[in-house]
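Everything on this sheet refers to the single structure shown next.
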Amino acid sequence: MNSNAYPLHALMDITERPPNVFVRGEGSWLWDHMGKRYLDLVQGWAVNCLGHSPPILADAIALQARTLITPSPAFYNEPSIRLADVLTRLSGFDQVFFTNSGAEANEGAIKLARKYGLRYRDGAYKIITFEGAFHGRTLATMSASGKKAFEALFEPKVPGFPKAQLNDLASVERRIGPKTVAVMLEPIQGEAGVLPATIEFIRDLRRLTAERGLLLILDEIQTGIG
Ligand SMILES: Cc1ncc(COP(=O)(O)O)c(C=O)c1O
């Protein structure tokens with residue numbers, strides 16, 4: 001079957017896509033609508049860390065879907081409590097806030113920092129982020145990102161994200177002002193080309209932010225917990 005047989009026009013064009021329509025995945029492999037198999041080195045841009053459709057994940061999703069999908073976030077549900085408990089024990093952090101995407105997680109962190117600024121730092125709201133950073137595709141996370149390609153898009157951006165240079169503590173210090181509430185970074189910049197922040201830089205940032213009463217936000221959407 002030719003991929004033109006699919007109603008492709010119903011999907012909004014957001015990027016140029018190859019004509020294959022993928023219908024099945026297993027581990028490292030993908031199959032298209034013609035039955036052709038591909039070794040998938042993309043894996044959903046590194047999100048399928050267990051490969052395509054691993055049985056352990058598929059079984060857990062199917063079992064939960066048959067039991068309860070959602071009672072609403074306004075109520076407790078059992079698996080989310082258990083997962084939050086495991087995550088706090090693994091991460092050493094106190095609490096978990098579940099979201100649907102990385103961008104939404106970062107939006108949550110930005111909102112939490114602004115709330116903290118309003119409550120404890122006389123309305124401070126600026127979050128220092130880094131050249132080359134990528135934090136997502138919502139308006140605020142695009143502003144927080146330091147991607148050149150985002151600069152001309154969807155103006156005006158959300159204000160309050162001055163940029164410093166990764167691994168350059170002095171550049172962070174220069175950006176700190178009375179309205180600064182936090183510093184936010186990826187421990188390894190992913191989209192910028194897999195550029196690690198050095199251990200010394202992260203330690204210095206931890207010290208600097210603690211000394212200046214600022215929050216330190218780590219976007220670990222690519223790197224995972226720690
Ligand atoms: C470091 C980082 N932050 C945020 C995001 C955005 O995550 P999502 O695409 O789930 O919104 C990504 C996505 O790749 C990312 O790599």
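I'm trying to understand the selection: among the residues of the range 139-172, which are over 19 Å from residue 209 (Cβ atoms), surrounded by fewer than 21 Cβ atoms within 10 Å (Cβ to Cβ) and touching a Ser or Thr at 6+ places or on another chain (Cβ under 9 Å)?
Matches in the range 139-172: 143, 150, 157, 158, 159.
Give me the residue from the range 123-138 that is within 16 Å of the ligand (Cβ to nearest atom), closer than 19 Å to residue 214 by Cα and not aromatic (Phe, Trp, Tyr) and, out of that set, surrounded by the most Cβ atoms within 10 Å (Cβ to Cβ).
Checking each candidate, the answer is 129.
Within the range 52-73, which residues are under 24 Å from the mean Cα position of the chain (by Cα) and over 23 Å from residue 224 (Cα atoms)?
69, 70, 72, 73
Residue check: is residue 144 modelled with pLDDT of 95 or more and within 15 Å of the ligand (Cβ to nearest atom)?
Spelling it out, residue 144 is indeed modelled with pLDDT of 95 or more and within 15 Å of the ligand (Cβ to nearest atom).
Taking the range 173-222 as the search range and keeping residues that are among the polar types (S, T, N, Q) and within 16 Å of the ligand (Cβ to nearest atom), which one is surrounded by the most Cβ atoms within 10 Å (Cβ to Cβ)?
The residue in question is 189.
Among the residues of the range 174-200, write down those that are β-branched (Val, Ile, Thr) and under 17 Å from the mean Cα position of the chain (by Cα).
183, 188, 194, listed by residue number.
Would you confirm, using the coordinates I've provided, whether residue 120 is among the aromatic types (Phe, Trp, Tyr), at pLDDT 95 or above, exposed (fewer than 14 other Cβ atoms within 10 Å of the Cβ) and more than 26 Å from residue 204 (Cα to Cα)?
The answer is no for residue 120.
May I ask you to say which residue of 27, 44, 92 is of a type outside the set (Ser, Thr, Tyr) and either touching an Asp or Glu at 6+ places or on another chain (Cβ under 7 Å) or modelled with pLDDT of 95 or more (or both)?
Unique residue meeting the criteria: 27.
The values are calculated or read from the model by the stated rules, or taken from the named source; none is laboratory data. Because the structure is predicted, anything quoted here is derived from the model rather than measured. Glycine gets a Cβ as well: all are built from the backbone with ideal geometry, and neighbour counts include every protein chain shown.
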